[in-house]
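> So that we are looking at the same thing, I have put the structure below in structure tokens.
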Amino acid sequence: MSWMIEEIDNRGGEVPFDVFMELALYHPEHGYYSHEEPRYGRDGDFLTAPTASEWYTGVLSRLLVAVAATSGPIRFIDVASGDGAVIAGILEPLGGTASDVLSEVISVERSASMLDRQKSILRSTPASIRWCGQVHWIDPSPTPTVVHASELYDALPVARLVGGRGGPEELVVAVSRGELAWKRRPPRDEVADYVTGHEIELEEGQIAEVNLGAESLHAAVLSVVGGCGLSLVLDYGYETRRLYNPRGRRGGSLTTFSRHQLGHDPLASPGEVDLTAHVNWADLRRAADSAGWREVGLWSLAEFLVRAGIAVELEERGLGMEAALDAATVTARQEVKRLLDPEGMGSDLKVLVQAKGEMKEVAQAILELPNAN
């Protein structure tokens, strides 16, 4: 914690919470995501859909095959790609046919150590892979493109607010007597504008988070697509009204993760725990609307996987209803159940699908939706 105290002291003794969160997660030496080894997975602090099971990436690979069958080979971009689990997972079932489906694979990851790890893991894959540190470095292409982001937006730094008698106040992190402590300040203009623009009302004492960077980042993600593309965002989030409902989220959505244990004190161990806050889907919708994209659907992870063909995937792997109940079958079905669990990941995680150009009709056909404007 001493490094964070020094950082804040050097910045005048206090910082907005989004600055604190940026340091805690992405400081080049002490940040949570700057560690050389992945912090997620069964042996880490938390599970993501790709690390929980190969079935998510297997279904995603199936979806890409279906898209390519209509549009021709596609460019696939994985944003915040971590250790490359998604890319490895979609390439494995494609095998030698990868070039028929994917014209290019682009991995976007800001952590240099994670990029090095990816290059080692993906060295022998048959696909053409390009690595880059920022999505802004990618130029638009006329090639049909699928952009994928798994749990990217809930890891963005957020500002923190508390409802007061005269309106919302901003919570900042200050150094007080050699310790980190909360202080209240009038909200910055950009924070106040966000609250007004989204018509957010906080009760006195209610805590909430606002993500000032999600809309602009999503706009940048979508900008890498030329005339035809699909965006798949897997994340934890809610509609605005539910996210800021005082009955359901009076303490906000900010959560810490360490060794698969949830916590709610982000000041306790900066750099040693993961910090996340739920996405306001309105931010990503605004970015898409401004860029001329159309929404295909927003579903729970479970519904998305069912629509994208997980049942067929089970059957084709010989693990359907007629399969013998041996250890391999039971294990596989348990992994699928984890992704479809209505009391867990299958419900909590959502998938937002957005499309540009003719890709909306392609996605509607694959996901069995009516062809509506």
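The values are calculated or read from the model by the stated rules, or taken from the named source; none is laboratory data. Keep in mind it's a predicted model, so treat the numbers as computed, not measured. Every residue, glycine among them, receives a Cβ derived from its backbone with ideal geometry; neighbour counts consider all protein chains shown.
> Among the residues of the range 149-163, is any of a type outside the set (Phe, Trp, Tyr) and surrounded by fewer than 17 Cβ atoms within 10 Å (Cβ to Cβ)?
Taking every residue of the range 149-163 in turn, none turns out to be of a type outside the set (Phe, Trp, Tyr) and surrounded by fewer than 17 Cβ atoms within 10 Å (Cβ to Cβ).
> Regarding the range 217-229, can at least one residue be identified that is closer than 17 Å to residue 158 by Cβ and either touching a Leu at 6+ places or on another chain (Cβ under 9 Å) or not in a loop (DSSP other than H, G, I, E, B) (or both)?
Yes; the residues of the range 217-229 include at least one that is closer than 17 Å to residue 158 by Cβ and either touching a Leu at 6+ places or on another chain (Cβ under 9 Å) or not in a loop (DSSP other than H, G, I, E, B) (or both).
> Now for a different question. Report, by residue number, each residue of the range 255-313 that is out of contact with any Asp or Glu (no Cβ under 7 Å at 6 or more places or on another chain), in a strand (DSSP E or B) and of a type in the set (Asp, Glu).
295
> Let me ask something additional. May I ask you to say which residue of 63, 47 is at pLDDT 95 or above and within 22 Å of residue 235 (Cα to Cα)?
Only one candidate qualifies: 63.
> Suppose the filter is out of contact with any strand residue (DSSP E or B) (no Cβ under 9 Å at 6 or more places or on another chain), farther than 30 Å from residue 35 by Cβ, modelled with pLDDT under 90 and surrounded by 17 or more Cβ atoms within 10 Å (Cβ to Cβ); does residue 319 pass it?
Yes.
> Counting only residues that are more than 25 Å from residue 274 (Cβ to Cβ) and of a type in the set (D, E, K, R), give me the strands (runs of 3 or more DSSP E) lying completely in the range 80-198 with at least 2 of them.
Output list reads 179-185.
> Another question, then. Going residue by residue through the range 186-207, is there one that turns out to be surrounded by 18 or more Cβ atoms within 10 Å (Cβ to Cβ), touching a Leu at 6+ places or on another chain (Cβ under 6 Å) and at pLDDT 95 or above?
Checking the range 186-207: not a single residue is surrounded by 18 or more Cβ atoms within 10 Å (Cβ to Cβ), touching a Leu at 6+ places or on another chain (Cβ under 6 Å) and at pLDDT 95 or above.
> A follow-up question, please. Quick one: how many residues across the range 168-185 are of a type in the set (Gly, Ala, Ser) and at pLDDT below 95?
Number of matching residues: 2.
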